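Since every read-out is calculated from the coordinates, none of them should be taken as a lab result. In this text the structure is predicted, and so the values were computed from the model without any measurement. Note: ideal-geometry Cβ built from the backbone for every residue, glycine included; neighbour counts use all protein chains shown.
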Amino acid sequence: MKLSEKDRDARNVEARPDGARAIAPRRIVLTGFMGSGKTTVGPLVAERLGWTFVDVDDVIAAEAGATIPEIFKREGETEFRTRERTAIARFLGDAKLAGGDGLVLALGGGAIEDAASRELLLTAPETLLVHLEVDLETALERCRGTELLRPVLADHANLATRYERRLPLYRTAHVSLNVDALTPEQVAEAIVRAAARE
């Protein structure tokens, strides 16, 4: 669900009608394309709420003893998605794994493509899935200089295809924010407000 141009500021959050919850979320999960700001905004949200921030990619890398690009090269995407699905399920099943009941979880950009992970993210109790939406041009600009960490950036045609394929999946999130023109602090505040309304 994309916000109109006039709504692209920190005060405007679009929540799906079926995203309403009777119980306030104990977990906020951030999804979005690379460069959307998940790992920048996540710690800010966690700090405001007094919660714990976890980046799923960091957990996977630590457990594998390898970087994410190394895992992809060594094991392939299918095995990586299995690792990712397992990590997500662990955290959504028991937030105490992160050291407390409150958890802000940042996902890798491709996690939303895994049907099982997506279903869990959308249905896990007390979990709010938030999509940070950016235009592809914004994502590329923000990722400039990280080509060694993100080899996919060299293949612009494939990157555009990947972006278009994922965008409708991202937009199934409980809340979608267009963050192109927002500072990380504005995005964090919008997320906290969205969580308070759930």
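Structure notes:
- Percentage, to the nearest whole number, of Cα pairs in segment 25-73 over 12 Å apart: 67
- Distant alpha-carbon pairs in segment 30-197 (separation over 30 angstrom), percent: 11
- In this structure the amide hydrogen of residue 52, modeled in the peptide plane, comes within under 5 Å of the amide hydrogens of 102, 103, 104, none closer than 5 places in sequence on its chain.
- Using the Cβ of residue 30 as centre and a radius below 10 Å, the other residues enclosed give a net charge of 0, where K and R count +1 and D and E count -1.
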